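Student: Below: one structure in structure tokens.
The values are calculated or read from the model by the stated rules, or taken from the named source; none is laboratory data. Source: prediction; values computed, not measured. FYI the Cβ positions are ideal-geometry reconstructions off the backbone, even for glycines, and counts take in every protein chain you see. To get the accessible areas, we keep the full protein, side chains included, count just its heavy atoms, and leave off ligands, DNA and RNA. Shrake-Rupley method; radii C 1.70, N 1.55, O 1.52, S 1.80 Å.
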Amino acid sequence: MQKWRATRRLLLNSYSSKSLFHHPRSNPISDHSTTISRSSSGFESWTSRIHYRHFATAMIQRNPAFSSLNSDDINYFKGILGEKNVIEDEDALLFANTDWMRKYKGSSKLLLQPRTTQEVSEVLKYCNSRRLAVVPQGGNTGLVGGSVPVFDEVIINVGSMKQVISFDKVSGVLVCEAGCILENLVSFLNNQGFIMPLDLGAKGSCQIGGNVSTNAGGLRLVRYGSLHGTVLGIEAVLANGDVLDMLGTLRKDNTGYDLKHLFIGSEGSLGIVTKVSILTPPKLSSVNVAFLACKDYSSCQKLLFEAKRRLGEILSAFEFLDNESLNLALNHLEGVRNPLPPSMHNFYVLIETTGSDESYDKEKLEAFLLRSMEGGLISDGVIAQDINQASSFWNIREGVPEALMKAGAVYKYDLSLPVEKMYNLVEEMRTKLGNSAKVIGYGHLGDGNLHLNISTPQYDDAILAQIEPFVYEWTSKQRGSISAEHGLGLMKANKIFYSKSHETVQLMASIKKLMDPNGILNPYKVLPHSIFSYS
Ligand code: FAD
Ligand code: MLT
Ligand code: ZN
């Protein structure tokens, strides 16, 4: 066993790891620019090498009840929003029609950029009266084809609504518009001595409205919980243009049904989120990050069990990746180095602690790591000595999705499973696929969330037929979820029954019908196509 390589304490300020998408603007409060940045994601630079594959659309029929856009519609929108917020430019539309994974591509001819809730309301009211289908779009970083049109739906992006409305330092409650980019909120809060309760690799592009609408999980859920807990209020516009003001800032409010929860995770199918109020934790002074190696999956599991008990309140992330994931990151991402050279291990765990007492936290972490090493749970490890090193550890973990995209075609699954069974699926999949594909597993182990990814040089129906429905059936047998945090979108709308009963889906369909009787909001997504009469 190699000697423990923990050295000095990590520098103390809270940091934000380098994001894949460096948004060129850093101040969400003062920036009034309204165009959607195409350069922010590095999207064009490498996706040109990726194989295009349009999943699922061949199976879907355009709902004939929807109207087609005409010049009167466009003039009407220009009247409400002004010429420059009604986008017909081909390049901008190509970006807005194509998802981050380049698997889904719509053919919308119109992108609308409202600047106020009133404008969103007027646009939706009109679309509803004309039966024009719409897709709410945020940063377009979604991974299930939910954020792009399937056919010619009008794209509505609230990215111009990016003001912080208020921040209360006593309660930590932030109220902001839905188009604020997550990373900009992180910077704003950092200046106030607070942090966002959620963090994810797409932070430089995704919008808080998109995060809420997908109920994004991310890297800190193990500590701060889901958005169902931290989002205190929402303002949303219904399909008919009605504005629902549920923008409360209270921790406790038991006055009847808490309808804001319907919008958290409903992926734009029930309304457009225009404002959000969210509880933010104070920024604590002591952050430590350790990158560890484990000989087998069972050791990762035991390490999690121990970390929850021994690190307790200071544990703020517990992420894992297998050696295939690390290899991908090393081979495809610039500047990524193995923190534990020269040997490769079977599994890696990234542990972050966040607390308020530097020496206590450090001692606690080091004692835990030493004990785990003596107990054989860790084979090697290193604690970041400064912010740069901590960021470099995070870059490995956060960079895996990008590395996968660079490697070729990706079949991506996002599953909630019992932690003890989780990695069996990766192994079974490897046995099934043999040499025809690379099967990799990583994810939010602390939350029981596996990201199972199958990487091949190009898309191949024969491979897909070996993966599905096997992966969904396997998950269903464990009473797991086929969508832990990414949502159902278009990719899994028809797979919902693997995780939800018929009665539950029927009630969801009734709610959808009640709130959006014409079905104009994000059609073909979330709910199975069989429940709509036109399909
Ligand atoms: P979009 O992708 O634009 O839209 C997503 C869905 O929300 C769509 O259905 C859309 O219609 C709807 N929507 C968007 N804005 C609104 C609105 N204002 N009102 C109503 N509906 C709206 N996800 C995680 O959960 N955890 C992760 O760790 C994570 N890491 C990621 C890392 C990378 C590199 C990438 C590319 C993605 C990652 N994701 C992750 C997925 C994605 O970033 C999240 O789902 C994110 O919350 C989407 O936000 P967005 O603004 O990009 O929304
Ligand atoms: C992650 O945790 O990295 C994201 O959810 C993206 C992915 O699953 O690839
Ligand atoms: Zn994730």
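Student: Compute the angle between helix 419-433 and the longest alpha-carbon principal axis of the chain, please, reported from 0 to 90 degrees and rounded to the nearest 10.
Tutor: Computed tilt is about 80 degrees.
Student: Rounded to the nearest 5, what is the percent of antiparallel bridges among the DSSP beta bridges in region 135-237?
Tutor: The antiparallel fraction comes to roughly 60 percent.
Student: Within region 466-484, which residues have the backbone N less than 15 Å from the label spot 7 Å out from HIS228 along Cα→beta-carbon, could you tell me?
Tutor: 480-484
Student: OK, next. Give me the number: length gained by fully extending SER533 to LYS477, i.e. 0.36 nm times residue separation minus the C-alpha to C-alpha distance, one decimal in nm.
Tutor: Stretched fully, the SER533-LYS477 segment lengthens by 17.2 nm.
Student: Take LEU330, LEU433 and sort them by solvent-accessible surface of the protein heavy atoms, 1.4 Å probe, largest at the top.
Tutor: So, going from the largest accessible area down, we get LEU330, LEU433.
Student: Still on this structure: For CYS300, what charge total do you get from the other residues with a beta carbon under 12 Å from its beta carbon, if Lys and Arg give +1 and Asp and Glu give -1? All intermediate terms of the calculation are to be shown ahead of the outcome.
Tutor: Working: positive: LYS295, LYS302; negative: ASP296, GLU306, GLU319, ASP322, GLU420.
Counting the neighbours of CYS300, the net charge comes to -3.
Student: Using the beta-carbon distance between ASN191 and ASP460 and R0 = 56 Å, what value does 1/(1 + (r/R0)^6) give for FRET efficiency, to the nearest 0.05?
Tutor: E(calc), rounded to 0.05, equals 0.70.
Student: Moving on. Between exposed chymotrypsin sites (Phe, Trp or Tyr not before Pro) in the chain, where DSSP calls loop and at most 15 other Cβ atoms lie within 10 Å, what's the longest gap?
Tutor: 258-533
Student: Let me ask something else. Over the chain, what is the relative contact order in whole percent, taking alpha-carbon pairs under 8 Å and six or more residues apart? Present the calculation step by step, with values, prior to reporting the outcome.
Tutor: On the way: 1129 pairs, mean separation 99.9, N = 535.
So the answer I get is 19 percent.
Student: Helix-only mean residue ellipticity at 222 nm, the chain, DSSP H runs n ≥ 4 weighted -39,500 (n - 2.57), per residue, nearest 500. What is it?
Tutor: -9500 deg cm²/dmol
Student: Can I ask one more? In straight Cα distance, which lysines are under 16 Å from LYS283, not counting same-chain residues fewer than 8 positions off?
Tutor: Reachable lysines: LYS169.
Student: With a Cα-only, solvent-free Debye model of the chain, what are the log10 I(q)/I(0) values at q = 0.05, 0.09, 0.10 Å⁻¹?
Tutor: Rounded to two decimals, the profile gives -0.19, -0.64, -0.79.
Student: Which one, HIS444, ALA390, LEU425, projects farthest toward the positive side of the charge dipole computed for region 388-451 from Cβ point charges (K/R +1, D/E -1)?
Tutor: LEU425
Student: Rolling a 1.4 angstrom probe over the protein heavy atoms, how many square angstrom per residue are accessible across region 142-290? Let's see the in-between values first.
Tutor: Values: 4700 Å² over 149 residues.
The answer is 32 Å² per residue.
Student: Right, here's the next one. Quote to one decimal, in nm, the extra length available between ARG310 and ILE60 on full extension: 0.36 nm per residue of separation minus the C-alpha distance between them.
Tutor: 84.9 nm
Student: Local charge sum around GLY79 (other residues, Cβ-Cβ under 12 Å, Lys/Arg +1, Asp/Glu -1)?
Tutor: -4
Student: Then there is this: Determine the relative contact order of region 240-389: mean sequence separation of Cα pairs under 8 Å and six or more apart, normalised by residue count, in whole percent.
Tutor: 34
Student: Still on this structure: Tell me, in nm to one decimal, what length is gained between ASP258 and ASN388 on full extension, where the rule is 0.36 nm per residue of separation less the Cα-Cα distance?
Tutor: Extra length available between ASP258 and ASN388 comes to 42.6 nm.
Student: Per 5 Å bin from zero, what fraction in whole % of the C-alpha pairs of region 409-480 is there, up to the bin with the longest pair?
Tutor: All Cα pairs, binned at 5 Å, distribute as 3, 17, 31, 26, 14, 7, 1 percent.
Student: Shifting gears a bit: What are the principal axis extents of the Cα atoms in region 434-476, in Å, biggest first?
Tutor: Each principal axis gives a Cα extent; for region 434-476 these are 33, 22, 16 Å.
Student: Rounded to a whole number, what % of the accessible area of region 365-407 do carbon and sulfur atoms account for, probe 1.4 Å?
Tutor: Here carbon and sulfur together make up 47 percent of the probe-accessible area.
Student: Please list ILE165, ILE467, ILE511 in order of solvent-accessible area, largest first, computed with a 1.4 Å probe with all protein chains present.
Tutor: Details: ILE165 85, ILE467 0, ILE511 50 Å².
Ranked from most to least accessible, the order is ILE165, ILE511, ILE467.
Student: Expressed as a rounded percentage, what relative contact order does region 334-401 have, with Cα pairs under 8 Å and six or more residues apart?
Tutor: That works out to 42 percent.
Student: Please figure out what share of the DSSP beta bridges in region 64-205 is antiparallel and state it in percent, rounded to the nearest 5.
Tutor: Values: 7 of 13 bridges.
Counting DSSP beta bridges with both partners in region 64-205, the antiparallel share is about 55 percent.
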